[in-house]
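What follows is one structure encoded as structure tokens, with my remarks underneath.
Values quoted throughout were computed directly from the atomic coordinates according to the rules given, and no laboratory measurement underlies them. A quick note: this is a predicted structure, and the numbers were derived from the prediction, not measured. In this analysis, Cβ positions are derived from the backbone assuming ideal geometry, glycine residues included, and neighbour counts consider all displayed protein chains.
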Amino acid sequence: MAKEDQIEQYRFDNKTAEEQREIARKGGIASGIARREKATMKATLEMLLNSTNNKGQTYKELATLGLLKGAISGNAQNYRTILETLGELRQAEEDRTQRELSKVEELLTKLTEEANK
């Protein structure tokens, strides 16, 4: 119980309204900073990926080729990333789920038939 008593004093609902506002304000400021950093990182990455090397290829093209080469050599994570990017992974998972459900239905039908004999 001693540990719970120590933790109790730090609970948000035990703070005064003013303390809660201050905590929320600091959280909002930190959230804004993180959001801006993420946006800056995204913009920088997009700029770099769209820039070209000395052979005229964009780094986005080179990264895609590397991903494809990895998938061809057997890297399952690369293949999964390609499927996700193309939007085919969800369909593949749905197809697999449907096949598994069909197997379960067949099994239940067989069990029901055997039980009724």
key: 3J(HN,Hα) from dihedral phi, the range 40-54, Karplus parametrisation 6.51/-1.76/1.60, rounded to Hz, x for glycine, proline   = 5, 4, 5, 4, 5, 5, 4, 4, 5, 5, 8, 6, 10, 8, 6
remark   = CD proxy, 222 nm, the chain: helix-only mean residue ellipticity via -39,500 (n - 2.57) per DSSP H run with n ≥ 4, per residue, nearest 500, stands at -27500 deg cm²/dmol
request  = Hand me the trypsin sites (Lys or Arg not before Pro) from the range 38-72 located in a DSSP loop with no more than 10 other Cβ atoms within 10 Å, in residue order please.
outcome  = Lys55
ask   = Toward the positive end of the charge dipole of the range 1-101, about the Cα centre and with charges on Cβ (Lys, Arg +1; Asp, Glu -1), which of Ala34, Asn53, Leu65 goes farthest?
value = Asn53
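By how many nm would the segment from Tyr79 to Leu101 lengthen if fully extended, with 0.36 nm per residue of separation less the alpha-carbon distance?
Numbers: separation 22, 0.36 × 22 = 7.92 nm, distance 2.50 nm.
Result: 5.4 nm gained on full extension.
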task = Pick out, in residue order, every one of the chymotrypsin sites (Phe, Trp or Tyr not before Pro) in the range 1-101 that is DSSP loop and has at most 13 other C-beta atoms within 10 Å; say none if there are none.
result = Tyr10
inquiry  = Per residue of the range 100-107, what does 6.51 cos²θ - 1.76 cosθ + 1.60 with θ = phi - 60° give for ³J(HN,Hα)? Whole Hz please, x for Gly and Pro, Karplus curve as stated.
reply    = 5, 5, 4, 5, 5, 4, 4, 5
inquiry  = How large are Rg and Dmax for the range 1-56 when calculated on the C-alpha trace, in angstrom?
reply    = 21.6, 68
remark   = Under a Gaussian network model of the chain whose springs join Cα atoms within less than 10 Å, the largest fluctuation of Leu65, Leu101, Leu49 belongs to Leu101
key: Alpha-carbon spread of the chain, three principal axes, descending order, Å   = 71, 66, 23
message = Mean-square fluctuation check for the chain, GNM, Cα pairs under 10 Å: which of Ala43, Ala34, Ala24 is largest?
response = Ala24
Near-label residues of the range 50-80 by backbone N, under 16 Å of a point 7 Å along Cα→Cβ of Glu93 = 77-80
task = Would you compute, for the Cα atoms of the range 64-117, the largest minus smallest coordinate along each principal axis and list the three values in descending order, in whole Å?
result = 59, 20, 10
ask   = Using 0.36 nm per residue, how much length does the chain from Asn53 to Glu114 gain when fully extended, once their Cα-Cα distance is taken away?
value = 15.2 nm
